Amino acid sequence: MAYLLRRIAGAALVVFGATSMVFLILYWLPGDPATLVAGEGATAETIARIRAHLGTGRPLWDQYMSYLDNLAHGDLGTSFATGEPVLHRLWAQAMPTLDLTLLACVVAIVVGVVMGVVSAVHRGRWLDHAIQAALLLFTSMPSFWLGILLIMVFAVTLRWLPAIGNGSLAQLVLPVACLGLIAAGKLARMVRNSVIEVLDEPFVTTLRAKGLTERSVLFRHVLRNALIPVVTLLGILAGELLSGAVVTETLFARQGVGRILVEAVGVKDIPVVQGVILFAAVFYVLINLLVDLSYVVIDRRVRV
Amino acid sequence: MNAITGRTTQPHDAAASVPEWPTSRLRVPKLPRPVIAAPVLVIALMLLCAIVPGWLAPFDPTDMDGDAVLQAPSAAHLLGTDNFGRDLFTLLIYGARESLLLGACAVVLGGVAGGLIGLVAGTGGRAVDMVLMRLMDIWMSVPDILLAIVIAASLGASTTNTILAVGVVTIPRYARVMRAQVIATRSRSFVEASRQVGSSPVSVVLRHILPHTLSPMLVMVTLGVANAILIGASLSFIGLGVVDDRPDWGFLLSQGRSYLGVAWWFATLPGLAITALVVSINMLGDALRNRLDPRLRGARQSGT
Amino acid sequence: MPTRREFAALIAGGTLAVSRAFAAPPATTPKPGGELVFALDGAAVVTFLLDPHNSGFAPHNRVFRSIFDSLVVLRPDQSVGPWLAQSWQVAPDQKSYTFQLRRGVTFHDGTPFDAASVKANLDRISDPKNALVALPDIGPYAGADVLAPDTVRINLSEPFAPLLRNLSKTTLGIVSPAAVAKYGATFGQNPVGTGPFRFVSLIQGTEIRLARNEDYQWAPDGASHQGPAYLERLTFKNVPEEATRVAALQSRQVHAADTIPPQALAALRADPTFRVLDKELLNNNYALYPNIARAPWNDEQIRLALRLSLDIDTIVRVIYLGTLPRAWAPLSPSIFASAEHDLAKSWKPDPKRAADILQANGWLPGASGIREKDGKRLTISFIDTQGNREKRLDVIQLVRRQLAKTGFDLSIDSQPAGTYVAKMSNGEYDLAGASQFAPDPDVLRRLHLPDGRDKSSVSKVDDPEISQWLRDGMRENEPEARAELYHKVQAKLIDKTYALPIYVLQYNIGTTDAVSGVTIDTHGFPQFHGAWLATA
């Protein structure tokens, strides 16, 4: 329990640090938000008025403190560009990104674990080599290239699936495949190595000598042990998947946080940028927290 | 500690996934086996393209033949032409330099900066270590591409900025690996002995600790080049890449994607080039890791 | 003996051929109902601010046309016809226009459209506190008088020839004053007009949903019918990636897509299951503008050398694959007073003469072919912020290549919007490119008249002759005299290389064969009022 609380505190610290870091980066980079919001043809007075309204003329410490204060009250601020509350904007955009990322995660896990285990069990044989070659290929190609190929084949030529959009389940298939397959590749390799390592352990030989079936050995003992580094990798992959989602969203014309990030940075819509980074950091930290908790489940003797 | 295998798992260093390394110094890989020969050959070829493109390329990369726009591969143009009428084969050869340069520089930046941070963290005492590693955690909590977007979009598109963005984003992982190695090494008996004898801390670091960190760093750096190239390609795709006379493969790919329907060679071949390079680097990195990591040597016997 | 597979193929092919031969001719009676999904090239602008008075961005204005009506409509012959205003009279001194408004028009929120609404709209635009983009469109507006519920008089402090044409623009579209009062700063996410479609919802950056305005009875002069639209719903999806947009159309996931890139046009036109419409966008053509406030571009001779180094015909041919014509004049050919005809072929590329000019001015060939003078290289920093929209950056790549032959070294400075505006205002660039959709030659005044011009404007021209012609042109209501003035302006702009027009945009829309009745209006904006779906 204490472990859990400490991890949560640590996680909060990390999230806080990430948004502070981004705040600083944006503060120092060139461009004045007030001029941009005021738009073309605005007089100096208008710009000054807007600057006062946005609060961007204040010293760094002031702005930072306000930001933290608002954050503590659950207020992510209002977008400089649209006047919309950032939380509202993010909520609408975050759901599709999460859908995509989490589904891709599931695909990655299922495909990755299966491929990895099959490969490990048949190591050295042609199936292993074939799977390895395929995995290597998948993890080496740029995700948007895979995406374009998928669109060309499945949407345009075969017309089995829709090319773009974020309404229906069918519209999720290609983007999820694109993201998930690449992550599956990375996961599978790790699974394979991990399973092989464990299979070589003396205790496995012992178990086999005791007369347990291969399947029982595999599922009840080997996998459990092999899973720890795999689960860790998942934590990292989740972050990468979120990254990959940005590119995939652009290609498949989906809603999502990535697209608004690029524009928000361009017009120095600082609240929006901070909101997106906050979202990403929270997501990453949560996933890793889950990963840590899962160690406890997987191996009851892990304590820190 | 895992009660069954008696091995200590260090979840947060999964990025390194190599808690313990051989006690001897940097190992040089032995004679190349077939599985190493092919990737090395490919990389060597690409390095050749990068260093002396003029020898290999049939045309000048800036030659735009207005009458030969978007032509299919033919005797005159081995791999076809792009939307400006430039010979694609030539562009790919010259593009090798841009891609490799991006990968190498970004990795040098990340590796040196990250390595330094990890070194300081590993040798600087507990407080310094904790602060630095928390900072690295914060850094890592923001997904790769999002952070790269923030940096690249704010600074504007240029080769330097892209290298900066990609390099900065990867610093934490190098820091982690370096730190883990330093900590593992510094408690070894010969280091203790050296200190007892009265060698200065700097000399201890330089002569004893550093050499032992080079193996894992080498593996990470090798794989890091591949990763940097992919991130750079993604930045190009989103539109934050450099618009240059000498396009890199990522930029060519993002240009070519609009022409997939009418000029498949334009979109496919740069992607293929990236994939080939990344596959080769990954294979090389894997081979290096297999040779240098004792834990996986068991796996190697089973036919990795 | 054919295999079973071959046999099946034969049957299938035969059936197809027979059914094609006996296929029913396309239906010609509009069927009400259905939702038309339109893939829009929103050019990666992910913030929708649907306030017509505050956007000079063409893609968003294409959406506005369905939500907001205008007082008048622009006819194909460039004259204006009645719309929300049924008739009008111009005072002899040309300083006031009295409009008789159509009766029975209501906004989407139920409030009535009347003279007071027109006045409220114009007052809103003219209020400097609002800092709205549409301000220059109303020129010397000096208030409006409500003479009767359906009669409004617009007063000007001096004659303003562009007024009627500007009133046909979406930027002067009529918004509901009640909604503006109610929503204030968030009106851009809650647009309310009188148009054939009313706003339902939007997802920022991704889609805009409209639904039929059931009360609509006031279509413009020349429309296919006066009553409500046929389509029940109209949805715009923002798909800035051209490959994805074309793929969505070809896979029939959307009914229509715009800005089909040149390389995909041929395939679409050849396919009988798709239709392509295109029309010239009334536009101040995309042109390159040297920063004449910065040396050496303040020297007319150097600018001439720049121009003579460029073979724009080749550039346009290579980039646009013959689908767009090259632009000779700043104003696109169909705009009133466009000098396209006069200026066509008025100059030829002459790299040799360009080299001679540079040489004579002390710019001597240096290392790697780039010219130098007093230790300074002949560099051109081209600043950009919109990316490869309409393949503009591809154009610049070709420009760079051509300029390099004469000894110029052009580099592209890509900046985010904020930095772009800052650099433009401070003059930290050598060359920039821009276009502005407009139906009236007065658009030249906004660019090239220094009075009241925004500091970040792409043109830094301050030429007394041009300024005077532009002021006169703004006031001159007699068409021939007016046209004469703008011809002089355009000729001088080209002659002094203040502007270098590149291409004439043909706005295009690709639709599946299930779509009928989509048109492109005289401005070059899509019209959906008369559109219907065969599969509704």
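Quick note: the coordinates plus some simple rules give every number you see, no bench work behind them. Because the structure is a prediction, the values reported are computed rather than measured. All Cβ positions, glycine included, derive from the backbone under ideal geometry; neighbour counts span all protein chains shown.
A few points about this structure:
- Near residue A:139, once Lys and Arg are set to +1 and Asp and Glu to -1 for all other residues with Cβ below 14 Å from its Cβ, the sum equals +1.
- This ranking places A:126, C:88, B:249, A:160 by how few other beta-carbon atoms lie within 10 Å of each, fewest first, which gives A:126, A:160, C:88, B:249.
- In chain C, Cα pairs under 8 Å separated by at least six residues give a relative contact order of 20 percent.
- The Cα center of region C:91-168 and the Cα center of region A:176-239 differ in position by 73 Å.
- Region C:290-308 and region C:403-441 have Cα centres spaced 14 Å apart.
- Take every Cα pair under 8 Å whose residues are at least 6 apart in sequence, average their separation, divide by the length of chain A, and the relative contact order is 27 percent.
- GNM top mover of A:273, A:198, A:156 - chain A, alpha-carbon springs below 10 Å: A:156
- Ranked packing of A:112-118, A:184-190, most packed first, by mean Cβ within 10 Å: A:184-190, A:112-118
- Peptide C:234-245 shows a mean partner chain C-beta count of 5 within 10 Å per residue C-beta.
- Residues C:197, C:57, C:274, sorted so that the one with the fewest Cβ neighbours within 10 Å comes first: C:57, C:274, C:197
- Take each residue of peptide B:260-271, count the partner chain Cβ atoms within 10 Å of its Cβ, and average: the result is 4.
- Residue mean of other protein chain beta carbons inside 10 Å, C:314-327: 2
- Among B:264, A:61, A:145, a tally of other beta-carbon atoms within 10 Å of each Cβ gives an order, fewest to most, of A:61, B:264, A:145.
- Whichever lysines have a C-alpha closer than 19 Å to that of residue C:492, once near sequence neighbours (fewer than 8 apart) are set aside: C:345, C:348, C:460
- Helices in chain A that qualify as membrane-span-like (whole DSSP H runs, Cα extent of at least 24 Å along the helix axis, mean Kyte-Doolittle hydropathy of 0.0 or higher) are A:2-28, A:86-121, A:170-199, A:223-251, A:270-298.
- Mean separation of Cα contacts under 8 Å, 6 or more apart, over the residue count of region C:74-173: relative contact order %: 28
- Taking a Cβ cut-off of under 12 Å around residue B:282, the surrounding Lys, Arg, Asp and Glu residues balance to a net charge of +2, with basic ones at +1 and acidic ones at -1.
- Sequence ranges B:113-126, C:330-343, B:171-184, ranked by mean other-Cβ count within 10 angstrom, highest first: B:171-184, C:330-343, B:113-126
- Counted charge near residue A:104, where neighbours are those whose Cβ lies closer than 15 Å (Asp, Glu -1; Lys, Arg +1): -1
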